[in-house]
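In what follows, a structure is listed as structure tokens, so that the remarks can point back to it.
Every read-out reported here was derived from the displayed coordinates using simple, explicitly stated rules and does not represent laboratory data. Predicted model, so just to flag it, every value in this text is computed and none were measured. Methodologically, a virtual Cβ is constructed for each residue, glycine included, from the backbone with ideal geometry; neighbour enumeration extends over all protein chains shown.
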Amino acid sequence: MLQIGAQCSHSDCGEVDFLPILCVACKDYFCRFHATVDGHSCKSARLGQQAPATSSSPLLRCSAGNCGKPSLEAFIAAASDDQGRTPAKCTQCQQSFCAEHRHPKSHGCSEQAPAPPPKNDKARALLAKHFSSTKSTTATRTASKLC
């Protein structure tokens with residue numbers, strides 16, 4: 001069976017989350033509701049254990065209005081190396097958000113992602129050169145003969 005996501009490690013939850021968040025203090029995975037230190041009463045953080053030092057701040061906060069929760073980018077940056085990882089930023093505005101505000105609609109994203117440039121301009125030009133853009137009646141005649 002295909003294993004996607006992880007089960008929340010909180011004793012009262014157990015929800016299977018498709019975007020589990022790793023606690024940098026206790027190294028357990030949690031759903032978005034229990035990912036914060038206070039959300040799962042992290043004993044490792046309470047004992048004074050520090051998160052490993054990383055190049056980006058592990059305390060980066062959500063960019064949405066009055067939300068003070070840590071962003072997903074902060075959790076990912078603290079849990080892995082920067083090379084080869086997918087950034088947890090909005091694809092449209094490139095800001096970091098928590099699990100609740102990660103989708104563009106949930107944080108009121110107004111900036112639209114630029115349209116990707118066509119990858120096959122040369123192929124389109126070649127097709128236009130060799131094939132006319134007018135409709136052919138050959139297919140219509142063939143179809144009518146079959147009926």
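Below, the figures for the structure above:
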item	result
Residues with amide H under 5 Å from that of Ala99, placed H, sequence gap 5 or more	Leu72
Around Ala35: net Lys/Arg minus Asp/Glu count, Cβ-Cβ under 15 Å	-2
Long-range HN-HN contacts of Arg61 with modeled amide H, under 5 Å	Ser71
Cβ-derived FRET efficiency at R0 25 Å, Ile4 paired with Ser41, nearest 0.05	0.40
Cβ-Cβ FRET estimate between Leu126 and Leu60, R0 fixed at 41 Å, reported to 0.05	0.30
